[in-house]
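Written out below as structure tokens is the structure these notes cover.
The values are calculated or read from the model by the stated rules, or taken from the named source; none is laboratory data. Keep in mind the model is a prediction, meaning the values are calculated, not measured. Neighbour counts run over all protein chains shown; Cβ positions are idealised from the backbone, glycine included. Ligands, DNA and RNA are stripped out before the accessible areas are found, and what is left, the full protein with its side chains, is counted by its heavy atoms. Shrake-Rupley method; radii C 1.70, N 1.55, O 1.52, S 1.80 Å.
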Amino acid sequence: MKKIFDIHVHFPRNFEHPEEDPAPMVDRLVERLNSAGVTKACLLTGGRFGPPYERGMEIAQKYLDIFIPVAVIDPEEVDGEGVHRLYEMGFRGLKLIGVQRPYDEPDYFPAYAKAQELNMPVLFHMGVIGGGLDYSITHPRRDAAAAQAYQRMTAMQDRMPPRNVSAMRMSPLHLDSIANRLPKLKIIGAHLGNQGNYDYATSAARWRHNVYFDMSGGETIERHMVERRLLAANSQGEFGVEKLIFGSDCGMDEIKDHIDRFDIIYDQLGLTDDERERLWWRNGAELYGLETPSFAAE
């Protein structure tokens, strides 16, 4: 039976009504994960992604058979002591996104160093932050659903201040800097590095032992994964097969479709059973201590 480790699942939240109790949405998320065949999932919570840490952990406790709690942190506010407190609360990984300074800012290293000490993998968003309308495939001018989505987005923007974010602060090259200073820190870059960053991402994964990338990001990134040979059979792609981990990072009702697309991709690429098992399960499970890493015999 296929086991699936989903390393990138956001705590469900109604962004139009953020005061809504998220517990029933988590119940439905678990149903969707189970029906999709997901065995383990990193549940990202805190910051602007879900409720406060205490409430998020309270809700997650009901489903620790499937969830690994991962805290979304702002390194401007959470230092090494803060990471230790999150660990004591039950969080076993960290997630960063939308930082105010580059990921390899020296002031951020106490948080990373504590994560290394506590064996907490760190997932870093890479590149441009997506969400909302994908203008490469649609536009409000020609699509009524896109027009409605644009109107909802505009209404939400009117209620919130502009975001101070920059893709320049979230580059795979920053992961190389971090990995050189903290070689035992388990580092995961999201979205294969994201568009425009693939070469940087493959270079960091090529030379830094503990740098990995998840394959979330949607159909455009999946297409690039095939067309640009970022993944190929017998580790002949730009990424070695041991360096990639499945992640959905999508709405809960889309997780099954996401997994089905990857099954098709793996068939198309002619991946071996061992390669598929690594991508679906073992790479992520090794990072989070559910499997013991293996090494070739002399």
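Of note:
- Some residue of segment 271-283 being crowded, with 16+ Cβ neighbours inside 10 Å, under 17 Å from the mean Cα position of the chain (by Cα), in contact (Cβ under 8 Å) with a residue 24 or more places away in the chain and assigned to a loop (DSSP other than H, G, I, E, B): no
- Residues being small (Gly, Ala, Ser), closer than 15 Å to TYR112 by Cα and buried (at least 24 other Cβ atoms within 10 Å of the Cβ) - total across segment 167-208: 1
- Looking across segment 214-235, the residues that are under 15 Å from the mean Cα position of the chain (by Cα) and assigned to a helix (DSSP H, G or I) come down to ILE221, GLU222.
- Of all residues in segment 87-97, those that are farther than 12 Å from VAL122 by Cβ and open to solvent by less than 50 Å² (accessible area, probe 1.4 Å) total 1.
Residue-wise test of (1) open to solvent by 40 Å² or more (accessible area, probe 1.4 Å); (2) outside any loop (DSSP other than H, G, I, E, B); (3) aliphatic (A, V, I, L, M); (4) closer than 23 Å to SER216 by Cβ.
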residue: VAL99; (1), (2), (3), (4): no, no, yes, yes
residue: PHE109; (1), (2), (3), (4): no, yes, no, no
residue: ASP134; (1), (2), (3), (4): yes, no, no, yes
residue: ARG141; (1), (2), (3), (4): yes, no, no, no
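- Check on ILE259, under 21 Å from VAL9 (Cα atoms), open to solvent by less than 10 Å² (accessible area, probe 1.4 Å) and assigned to a helix (DSSP H, G or I): yes
- When restricted to residues that are under 21 Å from ARG92 (Cα atoms) and of a type outside the set (Ser, Thr, Tyr), segment 28-43 contains 8.
- Pairs meeting the criteria (first residue in segment 257-268 and over 20 Å from ALA233 (Cβ atoms), second residue open to solvent by 40 Å² or more (accessible area, probe 1.4 Å) and of a type outside the set (Lys, Arg), beta carbons under 8 Å, at least 6 apart or on different chains) are HIS258/CYS250.
- Contact map, segment 167-183: first residue in a helix (DSSP H, G or I), second residue of a type in the set (Asp, Glu), Cβ cut-off under 7 Å, separation 6 or more or different chains; pairs are HIS174/ASP104; SER177/ASP104; ILE178/ASP104.
- Only residues that are surrounded by fewer than 21 Cβ atoms within 10 Å (Cβ to Cβ) and out of contact with any Phe, Trp or Tyr (no Cβ under 8 Å at 6 or more places or on another chain) were counted across segment 222-240, and they come to 11.
- Scanning segment 52-85 for residues that are open to solvent by 10 Å² or more (accessible area, probe 1.4 Å), among the hydrophobic types (A, V, I, L, M, F, W, C) and part of a helix (DSSP H, G or I) gives MET57, ILE59.
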